[in-house]
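Notes follow the structure.
Computed from the coordinates by the stated procedures, all read-outs in this text should not be read as laboratory data. Small disclaimer: the values here were computed from a predicted structure and weren't measured. Note that we place each Cβ from the backbone using ideal geometry, even for glycine, and neighbour counts take in every protein chain shown.
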Amino acid sequence: MLWWSRHNLAIVYKISYKFNRMITGKHFREMLDRFLISPASQSARVQVQLENGEMMDITEISLLENRILGSNETHRLVFKCKKPLRPMGKIIGKL
């Protein structure tokens, strides 16, 4: 489920799957479309936060095909990351 916060600044994505904790390409597109309405997010740096809290820059996005027979997931989007070239300041809040 996708919904706007009370101030229309943040988008919160709640995963409604019972067992899988993943986002499909369709849901990812919905989230990006909502975020990219804002000029601030259009020019924002894109990073991935790892489980240990470390932030990484996305360097490449690839669409890959799975070769597993009988799998209902035939393709995947893969984000390649690396350590940031320029350090970012401390995060002061979530919009």
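A quarter of the convex hull surface defined by the alpha-carbon atoms of the range 46-86 gives 3.8 nm² as the mean projection. Neighbours of LYS83 by Cβ distance under 13 Å: Lys/Arg scored +1, Asp/Glu scored -1, total +1.
With K and R counted +1 and D and E -1, the other residues having a Cβ less than 11 Å from that of ILE58 yield a net charge of +1. Provide the net charge surrounding VAL48, with neighbours chosen by a C-beta distance below 13 Å and charges set as Lys +1, Arg +1, Asp -1, Glu -1. Cβ neighbours under 13 Å give a net charge of 0.
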